Amino acid sequence: MSCLHTISKSPGTQLLESCLKIIASGDAILFIEDGTYYANSARKLEAIDKACKIYGLREDMLARAILTKAADSVELIDTARFVKLCCEHDKIVSWF
Amino acid sequence: MTENSKPQKSRITFISRAAPYGQNKANLCLDMALASAVFEQDVNYIFFGDGVYQILKGQDGSAIESKTLGNALETLELYGIEKIYADRQSLEERDISESELLSGMQIVDSDSITKIIESSDTVFNL
Amino acid sequence: MKFSIVIYAAPYSSEAAHSALRFARSVIDQGHELYRLFFFGDGVHNASQLAVVAQDENNLQQQWNDLIEKHGIDSVICVSSALRRGVLNQTEANRHDLGTASAYTSSEVAGLGQLVDAAIHSDRLVNFG
């Protein structure tokens, strides 16, 4: 019964911090659009439970010149894999 | 609701996170919840983050030629939505006390919200 | 799997509508069923057929229309959001005595019941805003 959380706005919105207040262990987080800026901040990602997988949308990171700066804990995926992740989790909670 | 002859019941949770008036997310969230209630779904409604500003008593939208969202929120109960929650930490962070709130709110901790999300079929979060 | 997608964002103002389009294409490419697209709030602008964009720019509204028509997707624009934003089909334009239909005919103008129906009947509902 896990949940995929998508975060699509930049770190100034504190969306990740809000998400972490109610995320369950075993859920996953996917950074898309401006949310991908979170993916190159290892310090911000430290707050995420180790049981939660972290993904970043490759296309959005490539566009923003941050693909090579992704933290080690972030798995880079494409849109096709985004769809697959939706299938692997029971529901999707979008943070925007 | 044309496709199904037999009505199905789904647990739908709304997390309303936007302050009222400045943008229309709070209204969109409310409209979706009311529609879900009309179609007899099992609705949870949660005020979280800046969304708790929606449930302050004494709002007067007429001052800015708008409808008063606080009044509209009172229709949640009229539509049979009884599970209405406000996040305790969101209130505390904004220095809002329980006495300032509209009636009918259950104040809950974030752990309870996590459990509500886990038990839901669909979550709208805006 | 059965997917539905809800779009809250207007085209061009944010990336979200474009993300939703790319996601929708991928859902179809992978052989899943796209049960419904639901355009809500500012998202209804994605169904406007009266947009003109620069030649070197994507016409997002047209791309949505092409996708919807090509795959016969059930696409709905929320009636209350659409009317107040001037996104009308011919029926609504006639009813309100406004000359021009501004919405592509590929999307139906309907109420939030269609969103609730999508939530009930889809395996996965994904929001873009």
When the convex hull of the C-alpha atoms of the protein assembly as shown is computed, what volume per residue in Å³ does it have? 148 Å³
Loop trypsin sites (Lys or Arg not before Pro), the range A:31-96 (other Cβ atoms within 10 Å of the site Cβ: 16 or fewer; DSSP): A:LYS50, A:ARG64
Inside 10 Å of the C-beta atoms of A:77-87, what's the mean count of C-beta atoms belonging to other chains? 5
Can you compute the FRET efficiency between C:VAL53 and B:ARG88 using 1/(1 + (r/R0)^6), with r the Cβ-Cβ distance and R0 = 30 Å? Round to the nearest 0.05. 0.05
Can you list residues whose amide H is under 5 Å from A:THR6's amide H, if they're 5+ apart or on another chain and H is modeled 1.01 Å from N? A:LEU30, A:VAL93, A:SER94, A:TRP95
Test item: Cα-centred dipole of chain A, Lys/Arg +1 and Asp/Glu -1 on Cβ, debye: 120 debye
Point-charge dipole on Cβ atoms (K/R +1, D/E -1) for the range C:2-128, about Cα centre, debye to 20: 200 debye
Can you give me the Rg/Rh ratio for the range C:2-128, using Cα atoms for both radii and the Kirkwood formula for Rh? 0.95
Tell me which residues come under 5 Å, amide H to amide H, from A:CYS52 once H is placed; ignore anything under 5 positions away on its chain. A:GLY26
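What is the calculated FRET efficiency for B:LYS115 to A:ASP78, with r their C-beta to C-beta distance and R₀ = 30 Å, to the nearest 0.05? List each step's numbers first, then the result.
On the way: r = 33 Å, r/R0 = 1.10.
It comes out at approximately 0.35.
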Residue-ordered couplings for the range C:22-33, obtained by feeding phi - 60° into the Karplus form 6.51 cos²θ - 1.76 cosθ + 1.60 and rounding to whole Hz (Gly and Pro as x), are 5, 5, 4, 4, 5, 4, 5, 4, 8, x, 7, 8
Under a 5 Å amide H to amide H cut-off, with H placed in plane at 1.01 Å, what residues pair with C:PHE39 once short-range neighbours are removed? C:ILE7, C:VAL76, C:ILE77, C:CYS78
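Please go through the range B:1-71 and write out the trypsin sites (Lys or Arg not before Pro) that DSSP classes as loop and that have at most 15 other C-beta atoms within 10 Å.
Passing sites in the range B:1-71 are B:LYS9, B:LYS57, B:LYS67.
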In whole Hz, what ³J(HN,Hα) sequence does the range A:23-39 give by Karplus (6.51, -1.76, 1.60; θ = phi - 60°), x for Gly and Pro? 6, 9, 4, x, 6, 10, 10, 10, 8, 10, 6, 5, x, 5, 4, 5, 5
Starting from the coordinates of the alpha-carbon atoms of the range B:11-125, obtain the Kirkwood hydrodynamic radius over all distinct pairs and give the value in Å to one decimal. 14.1 Å
Phi angles of the range B:70-81, converted by Karplus (6.51 cos²θ - 1.76 cosθ + 1.60, θ = phi - 60°) into ³J(HN,Hα) in whole Hz with x for Gly and Pro, give x, 5, 5, 5, 5, 6, 3, 5, 4, 8, x, 8
Chain C: calculated mean residue ellipticity at 222 nm from DSSP helix runs of at least 4, using -39500 (n - 2.57): -10500 deg cm²/dmol
Alpha-carbon radius of gyration plus Dmax, which is the widest Cα pair, for the range A:3-95 in Å: 11.7, 32
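Within the range C:12-83, which GluC sites (Glu not before Pro) sit in a loop by DSSP and count at most 15 neighbouring Cβ atoms inside 10 Å?
The qualifying sites are C:GLU57.
Any read-out appearing in this document is the output of simple, stated calculations on the displayed coordinates, not a laboratory observation. For clarity, every value in this text was computed on a predicted model and none was experimentally measured. Every residue, glycine among them, receives a Cβ derived from its backbone with ideal geometry; neighbour counts consider all protein chains shown.
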